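**Q** Following this message is one structure expressed as structure tokens.
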């Protein structure tokens, strides 16, 4: 049996790697000889997939930001179509990465309609209906595997064959370290005040988020000189830029490679870009300040066409209300980040409220065993 998995960005590579492990385990139980190929990164490769092209660093948010990736994406799409034509997988599994994945699914439905198409971690139309992907998904996807209840309900209403599987981060964090163990792993004292910075999983975030995060760290230090900072690197390609920025701001930051869970679990507070990492922080019950901004022209275009994002971070989206502070676009200043961070670091009364919000969010994410359920759904479709 052959399965092709298509994804991009750091988070897609992570989700893909977890699914690959479950697919191989499910195949072994069924005594099926399984081959997995796909688009992804090092994590998927380590999990046992043949990687056709590395897409972990190919990802953007916004119109202007996408321009540098247009030609590489076209080249990868051409390569992928040729591979699928020549190797005809028994299933195509799409993970996130909506623009490229919907284009690939359209091609497969038109030229190789016998190949079932599964969308796992679908476009976030349920949160931002203006994205308007549902009609296209209905045309080209055979099965949608939803990770959020609101997502499942939304796509069911659009007459799309959907199954609620839960969120795969539950599997990833099942054996995550607690604060004591994480600090031991990193050589930190339990008495230390730790702030973990999580600025980037996309190239554009190095430019738009890292400098303001470093400036905020400087201001936090002025008010709380005892604070120590951790900064886990999400992709090796970004290490040089991150190291340079930290040196430019003269920050006492411990830069970590491949120790994101330890860095989060160690923290008294996380300051993070908006994205999947916010759910990891929430599931580890760490207070956080979430920030995001894009190119000003992209923001201007979005506003002109009526594009609104009242809530952006996944924890807030899941419960449909503000449980963690968010700063968007012009709000993303060192002063504002510092204000929110100091508030969370110094006011112990906020922790019970944060914990209650996180527990509500956690109750909506399902149960452990998500990747095994996804694998079972894929085999069900192929069988």
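**Q** Please go through (1) out of contact with any helix residue (DSSP H, G or I) (no Cβ under 8 Å at 6 or more places or on another chain); (2) at pLDDT 95 or above; (3) surrounded by fewer than 21 Cβ atoms within 10 Å (Cβ to Cβ) for residue 71 and return the number of the only condition it doesn't satisfy.
**A** (2)
**Q** Please go through region 186-212 and pick out each residue that is farther than 16 Å from residue 268 by Cα and more than 19 Å from the chain's Cα centre (by Cα).
**A** Result: 211, 212.
**Q** Counting only residues that are in a loop (DSSP other than H, G, I, E, B) and more than 14 Å from residue 269 (Cα to Cα), which one in region 316-347 is farthest from the chain's Cα centre (by Cα)?
**A** Ranking the qualifying residues of region 316-347, first place goes to 333.
**Q** Right, next: Working only within region 326-342, note down all residues that are in contact with a strand residue (DSSP E or B) (Cβ under 9 Å, 6 or more places away or on another chain) and at pLDDT below 95.
**A** Answer for region 326-342, where residues must be in contact with a strand residue (DSSP E or B) (Cβ under 9 Å, 6 or more places away or on another chain) and at pLDDT below 95: 328, 329, 331, 332.
**Q** Can you name every residue in region 226-253 that is under 13 Å from residue 345 (Cβ atoms) and part of a loop (DSSP other than H, G, I, E, B)?
**A** 226
**Q** Can I ask one more? Collect the residues in region 83-114 that are part of a loop (DSSP other than H, G, I, E, B) and more than 13 Å from residue 5 (Cβ to Cβ), keeping them in residue-number order.
**A** 88, 112, 113, 114
**Q** Here is a follow-up. How many residues does region 273-285 contain that are in a loop (DSSP other than H, G, I, E, B) and crowded, with 23+ Cβ neighbours inside 10 Å?
**A** 2
**Q** In region 348-366, how many are outside any helix (DSSP H, G or I) and either modelled with pLDDT of 95 or more or within 30 Å of residue 172 (Cβ to Cβ) (or both)?
**A** So the answer is 4.
**Q** For residues in region 293-309 being closer than 20 Å to residue 333 by Cβ and either touching a strand residue (DSSP E or B) at 6+ places or on another chain (Cβ under 6 Å) or not in a helix (DSSP H, G or I) (or both), which is modelled with the lowest pLDDT?
**A** 295
**Q** In addition: Would you pick out the residues in region 8-39 that are modelled with pLDDT under 95 and closer than 15 Å to residue 72 by Cβ?
**A** Hits for region 8-39 are 8, 9.
**Q** Looking at region 153-169, is at least one residue within 17 Å of the chain's Cα centre (by Cα), over 17 Å from residue 98 (Cα atoms) and in a helix (DSSP H, G or I)?
**A** Yes, there is a match, as at least one residue in region 153-169 is within 17 Å of the chain's Cα centre (by Cα), over 17 Å from residue 98 (Cα atoms) and in a helix (DSSP H, G or I).
**Q** Kindly indicate whether residue 256 is in contact (Cβ under 8 Å) with a residue 40 or more places away in the chain, surrounded by fewer than 23 Cβ atoms within 10 Å (Cβ to Cβ) and either under 20 Å from residue 292 (Cβ atoms) or within 24 Å of the chain's Cα centre (by Cα) (or both).
**A** yes
**Q** Evaluate region 204-225: report whether one residue or more is more than 16 Å from residue 274 (Cα to Cα), touching a strand residue (DSSP E or B) at 6+ places or on another chain (Cβ under 9 Å), touching a residue at least 40 places away in the same chain (Cβ under 8 Å) and assigned to a strand (DSSP E or B).
**A** Within region 204-225, none of the residues are more than 16 Å from residue 274 (Cα to Cα), touching a strand residue (DSSP E or B) at 6+ places or on another chain (Cβ under 9 Å), touching a residue at least 40 places away in the same chain (Cβ under 8 Å) and assigned to a strand (DSSP E or B).
**Q** When region 117-152 is examined, which residues are found to be in contact with a helix residue (DSSP H, G or I) (Cβ under 8 Å, 6 or more places away or on another chain), outside any strand (DSSP E or B) and either outside the structural domain of residue 38 (by TED's automatic domain parsing) or over 26 Å from residue 310 (Cα atoms) (or both)?
**A** Result: 139, 140, 141, 142.
**Q** Sticking with this structure for a sec: Checking residue 337 against (1) buried (at least 19 other Cβ atoms within 10 Å of the Cβ); (2) in contact (Cβ under 8 Å) with a residue 60 or more places away in the chain; (3) within 19 Å of residue 170 (Cα to Cα): exactly one of these is not met. Which one?
**A** For residue 337, the failing item is (3).
This table checks each residue for (1) modelled with pLDDT of 95 or more; (2) closer than 25 Å to residue 326 by Cα; (3) not assigned by TED's automatic domain parsing to the domain that holds residue 10.
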{"site": "220", "(1), (2), (3)": "yes, yes, yes"}
{"site": "224", "(1), (2), (3)": "yes, yes, yes"}
{"site": "233", "(1), (2), (3)": "no, yes, yes"}
{"site": "243", "(1), (2), (3)": "no, no, yes"}
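**Q** So, one more: Test residue 192 against the stated conditions and say whether it is surrounded by fewer than 18 Cβ atoms within 10 Å (Cβ to Cβ), assigned by TED's automatic domain parsing to the domain that holds residue 288 and modelled with pLDDT of 95 or more.
**A** Yes.
**Q** So which residues in region 1-55 are in a strand (DSSP E or B), crowded, with 24+ Cβ neighbours inside 10 Å and under 21 Å from the mean Cα position of the chain (by Cα)?
**A** 4, 5, 6, 38, 39, 40
The values are calculated or read from the model by the stated rules, or taken from the named source; none is laboratory data. What you see is a predicted model, and the numbers here were worked out from it, not measured in a lab. Please note: Cβ atoms are built from the backbone with ideal geometry, for glycine as well, and neighbour counts cover all protein chains shown.
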